[in-house]
Amino acid sequence: MNHHDRSINAGLIVFSLGILAVCQGSGLAQTTQTPQVNSCVVCHSDMQEDMKGSIHSQQGIFCDRCHGGDPAQSTKELAKAPGTGYIGAPSKKQIAEMCGNCHANVEIMNFYGIRTDQLAQYKTSMHGKKLFQGDTNVAVCSDCHGEHDILPVGDPGSSVYPLNLSKTCNRCHGNEKLMSQYKLPSDIFKIYQTSVHGKALLEKKDTGAASCISCHGYHGAVPPGARDVGTTCGKCHMNEKKHFLESVHVTASEQGKFSECISCHGNHEVKPASKVLYDQTCIRCHSAEGPEAKRGGEILKMLTEAEEKLRSTTALVKQASIEGIFVEPEMASLESVKTNVIAMAPLQHTLSPERVSELHKKVISNTADIDRSIHQKRQSLWLRKLALIPMWALIIVMISALWAKYRQLHARPGNKKDGKEKRS
Amino acid sequence: MIKGWIKSWFADRYDVDQIEEVIKGQVEKPLPENISWFHTLGSMSLFLFVSQVFTGILLLVYYRPTVHDAFESVKFIMTTTYMGWLFRQVHAWGANLMIIVLFLHMLRTYITGSYKKPRELTWVIGAALFFLTLVFGFTGYLLPWNQLAYWATTVGTEIAGAIPWMGNFIKTLLRGGGAVGGETISRFFVVHVIILPWVLFFLIVAHLFLVRYQGIATMDPVSPGKEPKLKEGVPFFPDHVLKEGIVFFILLGVLITLAILKPFDLGEKADPLQTPFAIKPEWYFLPMYQMIKYFPKLVGIFITSLGPLILVILPFLDRGKERNPFKRPISMMLGIAGLLLLVGLGMLGAVAETKKNFFGKTYEFDIYGIPRLIKANAGSSESLQPPQTPPK
Amino acid sequence: MKNTEDQNLEGPAVLKKEMSRRDFLDWVIKGGILATLSGMLFPALAYLWPVMGHGPKVDMEEVAALDEIPVGGFKKVFLGGSALLLIRTAQEIKAFSAICTHLGCVVDWDGPKREIVCPCHAGVFDLEGRVVSGPPPRPLPTYPVKVINGKVFIKL
């Protein structure tokens, strides 16, 4: 090798060593790094169980990333020495910012495909505002997501998995002492459990049912104002909202005098909607004899009548099929009747008897047609049975005539060859 | 006048007098004095056969023998065609009545000893006619392709498959494949609609010819030589024909009444993936079906096939000379025993695997037809004997 | 057999009466047999006359004429006891069960949005029948369609 090449070689070696040193020294964003030695769990072995299943440790993110310190060191003094960045158990504000260091960093989270607006949202939420004002009684990331045992949101074991979430919220919002400091009720979860959403979520395990975050949001959790409630209910109950916006209550709602859904249906305690609401809720604002209550009564009457007609016609069709009548065309017709009856439920939110009567008329006329058709079929069955009477009349006439002929033949003496009276 | 003109047209070409004499001979044929109302059963069987052919042809116009269409086509016949429901019900009830009437006709023949010499062949053909009628019933039952049909055919062909040595071959041949399916419908359809009708037709012609040629048996004992021809007696027409007319109208009335008052359901379309509980064959197969349950497989099949065999070779087993039932105590006792066995097995088969109420108490019958008392409150059942497991 | 004349020594009036009674019986019997036979024949003939427009359901059922449905339009038909939705796209005709898989309401076609929408709880399906949004738990069943000579056939 000549002198020139030797210099280049040397340069390359120095350069590589330098790179290695830099890589060794820096501590941030090393997802491609081979798993480090984690000396922390040697002493803090109780933490290891929690950490083991967590999503962070699966991704190679260990103690030092939140607590600081040097996990490569083997003694406590060296591991937690100043300069290692050791902070011990972080304060709530530190937690928010520390989680945000990764989770609000687009370049870091890009690799995992996770959104990065949680911290920003959190800062707009009741929890976030209070925390950054100095109140440490409120929830921060770890209060909901866990500390060492954090699982992805979609994991059924996660404390924020839809089936578990309301219980997580209840940890604080069910604590009377804590809630009384903010003049908030502490029985919401109990109430929610009796509601139709709570039953659907907690008993029927329907993860599509509304829970705390569906209406209140999560990272940006605020109690929705009177106007906004309709928006949250309407996220799922779209047709009801659409029709409500066509009703007379809209102006009252915009003026804040009337909460779109809650005024009649309630919020946390919402039960399956029933016609009983017509009797119970209208009179909260309207007089029972007034024109408004009367209109409500008309709608109620139409709903009840339509449901009753559907029920009775369905029973008639079923009974006919048991009697042996072929009812396929009637059953096909019943499908569209059922559609109209079900569609009356969202439509009634228009609070307009005229609108509701459109569907009501269709239901009444269709069921009348079906009833008529079934009765016609029953009647033709009856006619068949009636036809048996003339048939048997003819048969009896024939039998009598034949028998009479038979007797006649045997009465004639010419029939017997040997003259003796014979009976066969 | 026209009648005369037609007659002379034929007289110019054919020996009309001879034909007329033959016809007159048949029409006025003398029947023995013991000719009774029970002797109308044979003609009633023939009437029912004709009725089945007639209604069957009508049904054929709209029926489609494929898995996809069979059920729908029967539904179409029952609901949309004019009076289609009547022809279908008459055909279904006619089949059941035909088997009953045939059986009664056989019973009459047994009791009057008419199967003995010289009429052994007539009896053998008659036994064949009876079994072929059962095959008619079996093949026809599948054609509506409803749940009942599909599963009864599956069970029936399974039992055929249990015959030793040839069983699997027979089962596959019957089914047209491994399981009951479109091929089965095709085969059963061909047998039911063209093969059996013609076979039965020729057998009936042979049977009737022999009956007419040899004459109705009397109550006299079997003659040592050839039987003398009857010279005098009750004229077939009008005496016996009038009896047949009366019975015919009653039978017709019963048939139509059953068709209207107790129509057969169409049920659900066949679903190979869903077996209904406690499949049973049609009532006329129940005695045999029940009998098989009580014995291990091969023994059961052997014993059950003894029945038909004995029936066919009866004239050669019973060589007694007497025809009069009162002079044949052993035959009568055997006959009654056989009848009781059939009825008993049939009833056991009907109640097996069902729950029935008697005098306020509920009984649950197992597959052998043995009842267990069930207490009124659900969940407890008091058994009169320990639960049995079927032998394998 | 007319040997009544030999036997009967009474006057012609009684003779007539007896003959007519016998004839009457014969007429009744003949008439009854005729009635029975025609009672069997005429229903059979009526049965044989084709039922127009209500053929039994065969492999493919004709449900519409192609011209009835504009491109981007739809038609609802009843078949096999249930409602079906036919939609004509630029390339083909698609057939879906019109019964929403949520609570059984009959769905509609939203032409401008090119979506199948259920009027009851705003369930939305795409042109493959898959659930786009809303409460329906399962996609809409589809049926094969053939268009022959301007007629639309569906196989159930």
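Just a few scattered comments:
- Filter result for A:Gly266 (outside the structural domain of A:Ser380 (by TED's automatic domain parsing) and of a type in the set (Gly, Ala, Ser)): yes
- Some residue of region A:201-208 being at pLDDT below 85, in contact with a Pro (Cβ under 7 Å, 6 or more places away or on another chain) and either assigned by TED's automatic domain parsing to the domain that holds A:Ile342 or not in a helix (DSSP H, G or I) (or both): yes
- Residue match in region A:232-250 (condition: assigned by TED's automatic domain parsing to the domain that holds A:Asp143, at pLDDT 85 or above and under 26 Å from C:Val132 (Cβ atoms)): no
- Residues of region C:109-124 satisfying the condition of being β-branched (Val, Ile, Thr) and buried (at least 21 other Cβ atoms within 10 Å of the Cβ): C:Ile116
- Filter result (closer than 20 Å to A:His197 by Cβ, part of a loop (DSSP other than H, G, I, E, B) and out of contact with any Cys (no Cβ under 6 Å at 6 or more places or on another chain)) within region A:230-261: A:His237, A:Ser259, A:Glu260
- Residues being surrounded by 14 or more Cβ atoms within 10 Å (Cβ to Cβ) and touching a residue at least 24 places away in the same chain (Cβ under 8 Å) - total across region B:339-351: 6
- Pick from region A:42-74, criterion polar (S, T, N, Q) and part of a helix (DSSP H, G or I), ranking: farthest from A:Ala89 (Cα to Cα): A:Gln58
- Residues that are within 27 Å of C:Asp108 (Cα to Cα) and either outside the structural domain of A:Val363 (by TED's automatic domain parsing) or among the hydrophobic types (A, V, I, L, M, F, W, C) (or both), drawn from region A:284-314: A:Ile299, A:Leu300, A:Met302, A:Leu303, A:Ala306, A:Leu310
- B:Gly253 being in the same structural domain as B:Glu33 (by TED's automatic domain parsing), crowded, with 18+ Cβ neighbours inside 10 Å and over 19 Å from the mean Cα position of the chain (by Cα): yes
- In region A:375-390, residue nearest to the other protein chains (Cβ to nearest Cβ) [restricted to those that are surrounded by 15 or more Cβ atoms within 10 Å (Cβ to Cβ) and of a type outside the set (A, V, I, L, M)]: A:Arg384
- Verdict on B:Leu286 being within 10 Å of chain A (Cβ to nearest Cβ) and farther than 19 Å from B:Ser45 by Cβ: no
- Every condition in (1) of a type in the set (A, V, I, L, M); (2) within 14 Å of chain C (Cβ to nearest Cβ); (3) surrounded by fewer than 21 Cβ atoms within 10 Å (Cβ to Cβ); (4) without any contact (Cβ under 8 Å) to a residue 24 or more places away in the chain is met by B:Ile77 except one, and the failing one is (3).
- C:Val71 vs. criteria assigned to a strand (DSSP E or B), of a type outside the set (Phe, Trp, Tyr) and over 29 Å from the mean Cα position of the chain (by Cα): no
- None of A:Leu78, A:Leu119 is without any contact (Cβ under 8 Å) to a residue 12 or more places away in the chain, among the aliphatic types (A, V, I, L, M) and in a helix (DSSP H, G or I) except A:Leu78.
- Looking across A:Glu335, A:Glu298, A:Glu330, one residue alone is in contact with a strand residue (DSSP E or B) (Cβ under 9 Å, 6 or more places away or on another chain), surrounded by 13 or more Cβ atoms within 10 Å (Cβ to Cβ), part of a helix (DSSP H, G or I) and charged (D, E, K, R). It is A:Glu335.
- Residue that is surrounded by the most Cβ atoms within 10 Å (Cβ to Cβ) [pool: residues in region C:125-156 that are of a type in the set (A, V, I, L, M, F, W, C) and in a loop (DSSP other than H, G, I, E, B)]: C:Leu140
- When the residues of region C:66-93 are filtered to those that are out of contact with any Pro (no Cβ under 9 Å at 6 or more places or on another chain), crowded, with 19+ Cβ neighbours inside 10 Å and not small (Gly, Ala, Ser), the one that is nearest to the other protein chains (Cβ to nearest Cβ) is C:Leu84.
- Test result for B:His240, in contact (Cβ under 8 Å) with a residue 24 or more places away in the chain, crowded, with 17+ Cβ neighbours inside 10 Å and either more than 10 Å from chain A (Cβ to nearest Cβ) or more than 27 Å from C:Ile33 (Cα to Cα) (or both): no
- Members of region B:219-249 that are closer than 17 Å to B:Trp37 by Cβ and over 25 Å from the mean Cα position of the chain (by Cα): B:Met219, B:Gly233, B:Val234, B:Pro235, B:Phe236, B:Phe237, B:Pro238, B:Asp239, B:Leu242
- Residues in region A:339-372 that are crowded, with 19+ Cβ neighbours inside 10 Å and within 11 Å of chain C (Cβ to nearest Cβ): A:Thr339, A:Asn340, A:Val341, A:Ile342, A:Ala343, A:Met344, A:Pro346, A:Leu347, A:Leu359.
- For region B:57-74, the set of residues classified as more than 7 Å from chain C (Cβ to nearest Cβ), surrounded by 20 or more Cβ atoms within 10 Å (Cβ to Cβ) and more than 18 Å from B:Gln147 (Cα to Cα) consists of B:Leu59 only.
- Flag if B:Leu345 is touching a helix residue (DSSP H, G or I) at 6+ places or on another chain (Cβ under 8 Å), under 25 Å from B:Ile163 (Cα atoms) and modelled with pLDDT of 90 or more: yes
- Sole residue being more than 14 Å from chain A (Cβ to nearest Cβ), of a type outside the set (Val, Ile, Thr) and farther than 30 Å from A:Ser321 by Cα, chosen from B:Pro224, B:Pro281: B:Pro224
- Within region B:129-178, the set of residues being in contact with a helix residue (DSSP H, G or I) (Cβ under 8 Å, 6 or more places away or on another chain), surrounded by fewer than 18 Cβ atoms within 10 Å (Cβ to Cβ) and on the phi > 0 side of the Ramachandran plot comprises B:Gly176, B:Gly177.
- Residues of region C:94-115 satisfying the condition of being free of Cβ contacts under 8 Å to residues at least 40 places away in the same chain, part of a strand (DSSP E or B) and either away from chain A (no Cβ under 14 Å) or among the basic types (Lys, Arg) (or both): C:Trp109
- Qualifying residue in region A:273-280 (condition: among the aromatic types (Phe, Trp, Tyr), surrounded by 13 or more Cβ atoms within 10 Å (Cβ to Cβ) and assigned to a helix (DSSP H, G or I)): yes
The values are calculated or read from the model by the stated rules, or taken from the named source; none is laboratory data. All values derive from a computational prediction rather than experimental measurement. Positions of Cβ are backbone-derived with ideal geometry, glycine not excepted, and every protein chain shown enters the neighbour counts.
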